[in-house]
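So the structure is just underneath, and the comments pick up after that.
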Protein chains: 2
Amino acid sequence: MALKYALLGLLTKNEATGYELNQQFKETMIHFWSAHHTQIYRQLVKMEEEGLVSSQVVHQVDYPDKKIYRLEDKGYDTLLQWLLSKEILPSNLKNDLLLRVSLFQLIPPDEAIAFLERAKEQHMFGHGLMEKWRDSHFPEGQFNQGDLGEYLTSEFGKRYMQHWIDWCDWAIHVIKRTKEKGSDEE
Amino acid sequence: MALKYALLGLLTKNEATGYELNQQFKETMIHFWSAHHTQIYRQLVKMEEEGLVSSQVVHQVDYPDKKIYRLEDKGYDTLLQWLLSKEILPSNLKNDLLLRVSLFQLIPPDEAIAFLERAKEQHMFGHGLMEKWRDSHFPEGQFNQGDLGEYLTSEFGKRYMQHWIDWCDWAIHVIKRTKEKGSDEE
DNA sequence: TGAACATATGTGAAAATACACATATAAACT
DNA sequence: AGTTTATATGTGTATTTTCACATATGTTCA
């Protein structure tokens with residue numbers, strides 16, 4: 001259901017092809033959403049059937065023909081209604097990494113620490129990417145009204161990465177301390 | 001796929017029925033996983049077919065009969081293999097709330113602020129629950145080796161909630177400041 | 001010369017997840 | 001007397017998401 005709104009949301013900025021929308025997912029919405037390209041194409045077809053968007057086929061000589069999707073009034077109304085609805089569902093977090101962490105008592109402490117080091121590195125990399133993205137999009141923290149959402153969510157993404165990094169440090173420390181107390185092995 | 005490992009993981013602690021596993025999801029794994037009860041029952045049947053778990057029907061007089069699932073060696077091996085695998089996939093975050101935030105430029109600032117206030121409250125509530133849970137499970141920060149995973153993930157959950165709360169405060173402040181600058185309306 | 005990559009759109013099938021509904025019984029609440 | 005809550009397990013169906021694969025063409029790299 002939410003993919004529909006994500007696509008409508010992207011189309012409020014510019015008309016775009018399915019291919020481009022897939023790119024935008026990877027580039028700017030990566031912090032809080034993702035979708036397989038086949039799903040995007042299928043969802044767009046459905047949305048056109050519902051009259052939320054319209055498409056126009058553009059013939060190309062060098063490349064395959066493309067279909068440019070444009071937001072229709074009905075689509076905009078549908079999106080606005082969702083955005084203004086009062087219900088706010090608790091977000092159900094699903095995270096593979098944490099599932100593995102929750103079972104750390106089953107593996108040797110060194111393996112657990114190695115896992116956390118890798119997780120930390122990954123999130124440090126993510127943090128770096130996000131900082132770069134922010135610096136290029138919002139130099140000196142300046143942003144336009146039209147970019148409010150991106151400004152807020154990219155800060156969320158950066159902080160989320162930092163939260164992961166800090167927690168990894170803490171968790172590594174806890175395991176090392178436990179290891180010392182628990183046995184004399186080096 | 002991950003649901004399989006989540007269930008195997010829970011069964012390393014105790015044998016349990018599908019009903020109990022559903023309870024445990026709601027109680028202790030809520031910070032990083034969730035599943036509909038029908039999905040749990042179906043997954044357990046599949047896992048029994050694969051020989052990862054075995055079940056025993058227990059007749060009850062007052063209540064409906066129940067099926068107690070127990071972890072088999074093959075299930076434990078499968079779980080361990082997963083836990084020790086080196087591949088660590090970047091977790092793909094999907095969050096409805098952030099999707100809405102990313103489109104804040106489309107709604108009035110007051111609506112955006114109201115949304116963030118509600119989101120903040122919700123995460124403060126979540127933070128409180130988690131703190132209570134931690135205090136009752138790990139008084140004075142003490143934990144047993146067998147609870148390492150829960151100790152680490154519950155700290156993650158608490159910090160995650162705090163991260164949300166802090167970000168909400170920041171975002172509300174940003175919007176209020178923008179509102180002042182952008183217009184003279186009260 | 002062949003492989004990989006970018007452009008562009010999809011189908012068929014499987015897996016994961018959720019929703020509505022069904023079946024039982026007993027206690028507790030209103 | 002009727003509703004809700006708790007105990008317990010599911011089926012049928014729909015939706016969501018992913019995976020493998022297919023079709024085209026032009027450019028770039030090894």
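The values are calculated or read from the model by the stated rules, or taken from the named source; none is laboratory data. What you see is a predicted model; the values in this text were computed from it and never measured. Ideal geometry is used to build each Cβ from the backbone, glycine not excepted, and the neighbour counts take in all protein chains shown. Keep in mind that these areas ignore ligands, DNA and RNA; they rest on the heavy atoms of the full protein, side chains included. Shrake-Rupley method; radii C 1.70, N 1.55, O 1.52, S 1.80 Å.
Overall size of the range B:96-182 from C-alpha positions, given as principal axis extents largest first: 55, 21, 15 Å.
Using C-alpha pairs under 8 Å with a sequence gap of at least 6, the mean separation divided by the residue count of chain A gives a relative contact order of 19 percent. Mean sequence separation of contacting Cα pairs (under 8 Å, at least six apart), scaled by the length of the range A:96-182, corresponds to a relative contact order of 43 percent. Plainly put, the tip 7 Å out from Cα toward Cβ on A:GLU15 is 6.5 nm from that tip on each other copy, the closest given first. For the pair the range B:120-175 / the range B:30-96, the C-alpha centres are spaced 26 Å from each other.
Just to check, using Stokes-Einstein with a Kirkwood Rh over alpha carbon pairs, what's the diffusion coefficient of the range B:2-84 at 20 °C and 1.002 mPa s in µm²/s? Intermediate values should be presented prior to the final figure.
Details: Rh = 13.0 Å.
After rounding, the answer is 165 µm²/s.
The residues packed around B:GLY128, meaning those with a beta-carbon under 12 Å from its beta-carbon, carry a net charge of 0 if Lys and Arg are +1 and Asp and Glu are -1.
Ignoring ligands, DNA and RNA, please state the percent of accessible area on the protein assembly as shown from carbon and sulfur, probe 1.4 Å. Of all accessible area on the protein assembly as shown, carbon and sulfur atoms account for 51 percent.
Potential lengthening of the chain between A:LEU80 and A:ASN144 amounts to 21.0 nm, from the contour at 0.36 nm per residue minus the alpha-carbon distance. Shielding of peptide B:153-164 by partners, expressed as the average count of other chain Cβ atoms within 10 Å per residue Cβ, is 5. In chain B, the longest principal axis of the Cα atoms and the axis of helix B:18-27 are about 30 degrees apart. In the range A:93-141, the alpha-carbon atoms span a convex hull of 89 Å³ per residue.
If only the Cβ of Lys and Arg carry +1 and only the Cβ of Asp and Glu carry -1, the dipole of the range B:2-84 around its Cα centre is close to 200 debye. Using Cβ point charges alone (K and R +1, D and E -1), the dipole size of the protein assembly as shown about the Cα centre works out to roughly 380 debye. Dividing the Cα radius of gyration of the protein assembly as shown by 2.2 N^0.38 Å, with N the residue count, gives 1.13. Annotation: amide H-H contacts under 5 Å for A:THR17 (H modelled 1.01 Å from N, sequence separation of 5 or more, or interchain): A:TYR69. Just to confirm the number: angle between the C-alpha axis of helix A:37-49 and the first principal axis of chain A, 0 to 90 degrees, nearest 10? The helix A:37-49 is inclined about 40 degrees to chain A. Placing +1 on each Lys and Arg Cβ and -1 on each Asp and Glu Cβ, with no other charges, gives the range A:96-182 a dipole about its Cα centre of roughly 400 debye.
Nearest 10 degrees is fine. How inclined is helix A:109-137 to the longest principal axis of chain A, computing both from alpha carbons? Roughly 40 degrees, rounded to the nearest 10.
Given the DSSP H assignment, sum -39500 (n - 2.57) over each helix run of at least 4 residues in chain A and divide by its residue total; what's the result at 222 nm in deg cm²/dmol, nearest 500?
Helices in chain A give a 222 nm mean residue ellipticity of -21000 deg cm²/dmol.
Farthest toward the positive end of the dipole of the protein assembly as shown, out of A:LEU103, B:HIS31, A:PRO64, is the Cα of A:PRO64, where the dipole comes from beta carbon charges about the Cα centre. Of all residues in chain A, the one whose Cβ lies closest to the rotation axis carrying A onto B, together with that distance in whole Å, is A:HIS163, 2.
Give me the number: length gained by fully extending A:LYS13 to A:LYS181, i.e. 0.36 nm times residue separation minus the C-alpha to C-alpha distance, one decimal in nm.
Details: separation 168, 0.36 × 168 = 60.48 nm, distance 5.69 nm.
Once the chain is fully extended between A:LYS13 and A:LYS181, it gains 54.8 nm.
A viscosity of 1.002 mPa s and a temperature of 20 °C, combined with the Kirkwood radius over C-alpha pairs in the Stokes-Einstein formula, give chain A a diffusion coefficient of 108 µm²/s.
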